[in-house]
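Q: The structure's right below; bear with me while I get my questions together.
Derivation of every value follows stated rules applied to the coordinates shown; laboratory data play no part. Everything numeric in this text was worked out from a predicted model, so none of it was measured. Please note: Cβ atoms are built from the backbone with ideal geometry, for glycine as well, and neighbour counts cover all protein chains shown.
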Amino acid sequence: MFNGIILVKEKIMGLKKVTLTSAIALLSIGLAGCSSSTTSKPKNISFSQLSSNKSRKKVINNDLAKNLKKEQKKAKDGNEDYNYSLYVYKIQTWQDQTIAVNVDRANYLELSTKEKIAVGQSINDLVKKVFKENYVKAKSSFFISIYDEDGNVLIPAYNYQTFKFKYKQDQEEADKPDIPTEYENALVKAQSYSDNMFMSKQKIYHQLTSQYGEGFSKKAAKYAIDHVKADWNKNALKKAESYQKDQHLSKERIRHQLTSAYGEQFTEAQADYAISHLAE
């Protein structure tokens, strides 16, 4: 090259010919060729637009599968940073801007709450990475639904960064205080006594706490009585009808049996309701 000029030697008809070509002209041709072969990057889209963009969604789901396999290999090779992936066998974008994840139910359920959260956060990081590579704009964290192998929901749509459920009913259920197993068992027994034997509130409480009955603690029995779904008036009526039909007792005798401390232990008002609704 000399003073911006390139000498190009060509043979034409056996004679040497020197052609002077502007270096700038050649450079511009080269650049034009490069630009025509360069593929433009995909247009940025939002997470919510994926549901209507089937081709982009398919690419992303394929990339999620590939990346998951890579991280599973790293975990199997001894890299503990990717151990979360061993509990997961499928990740894909889902409807309503949610990430659907299928896990190995048996092993996943053995994890502590803290460990389950760590799995969810790792999934969140993987999805963010794949989204970024595919020009999908989304919030910094996602709602992730956890399913077992058969598609049963283990954890509804949950955000593993804010620790909140997506839907109000799921959040309300999660916000309920943890109930001791003894309390729950006492409630089950109380409900059974009410539904099947039509017992009064006081008699159920006695049956729950008695050493000859269920032997629950007083606190567990109180919880059960406070939460049992029962119509005590109707229970009293059912008992009254049973005494009338099976034992042929008079109304006065039935009233006494309903309210007696040694009988059914209904209140006077409940007994009055029962007697007033008995067949003549």
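Q: Only one of the listed values, (1) 1.54; (2) 0.95; (3) 2.00, was derived from the coordinates as Cα Rg over 2.2 N^0.38 Å; which label is it?
A: (3)
Q: Within the chain, which whole H helices from DSSP have a Cα span along their axis of at least 20 Å and a mean Kyte-Doolittle hydropathy of 0.0 or more, if any? Show your work: numbers first, answer last.
A: On the way: long enough: 23-37 (22 Å, 1.62); 54-76 (33 Å, -1.80); 113-133 (31 Å, -0.42); 181-197 (23 Å, -0.96); 232-246 (21 Å, -1.91).
Helix filter hits for the chain: 23-37.
Q: Something else about it: Among G213, G78, G151, determine the one that fluctuates most according to a GNM of the chain built with springs between C-alpha atoms less than 10 Å apart.
A: Among G213, G78, G151, the largest GNM mean-square fluctuation belongs to G213.
Q: Scan the chain and hand back the longest stretch that contains none of the chymotrypsin sites (Phe, Trp or Tyr not before Pro) lying in DSSP loops with at most 16 other Cβ atoms within 10 Å.
A: Values: sites that count: Y135, F163, Y167, Y212, Y262.
That gives 1-134 as the longest site-free run.
Q: Could you calculate the contour length gain from Q247 to A174, that is, 0.36 nm times the residue separation minus the distance between their Cα atoms, to one decimal place in nm? Provide the component values of the computation, followed by the final result.
A: On the way: separation 73, 0.36 × 73 = 26.28 nm, distance 4.90 nm.
Working it through step by step, the gained length comes to 21.4 nm.
Q: Would you mind pulling out the separation of the Cα centroids of the stretch 249-264 and the stretch 119-150, in Å?
A: Here the answer is 66 Å between Cα centres.
Q: Something else about it: Using only DSSP helix segments of four residues or longer, with each worth -39500 (n - 2.57), what per-residue ellipticity at 222 nm results for the chain after dividing by its residue count and rounding to 500? Kindly include the intermediate steps, with their values, before the conclusion.
A: Details: 11 runs with 141 residues, N = 280.
Value at 222 nm, helices only, nearest 500: -16000 deg cm²/dmol.
Q: Given contacts defined as C-alpha pairs under 8 Å and at least six residues apart, what's the relative contact order of the stretch 181-276, whole-number percent?
A: Values: 120 pairs, mean separation 27.9, N = 96.
This gives 29 percent for the stretch 181-276.
Q: For the chain, give the magnitude of the charge dipole about the Cα centre (Cβ charges: +1 Lys/Arg, -1 Asp/Glu; no others), in debye to the nearest 20. Could the numbers behind the result be given before it?
A: Values: 43 positive and 33 negative charges, 457 e Å.
Here the chain has a charge dipole of around 2200 debye.
Q: Lys and Arg at +1, Asp and Glu at -1: add these up for the other residues within a Cβ distance under 10 Å of V136 and post the number. Before the final figure, lay out the partial values.
A: On the way: positive: R56, K57, K128, K132, K137; negative: E133.
Taking every Cβ under 10 Å from that of V136, the sum is +4.
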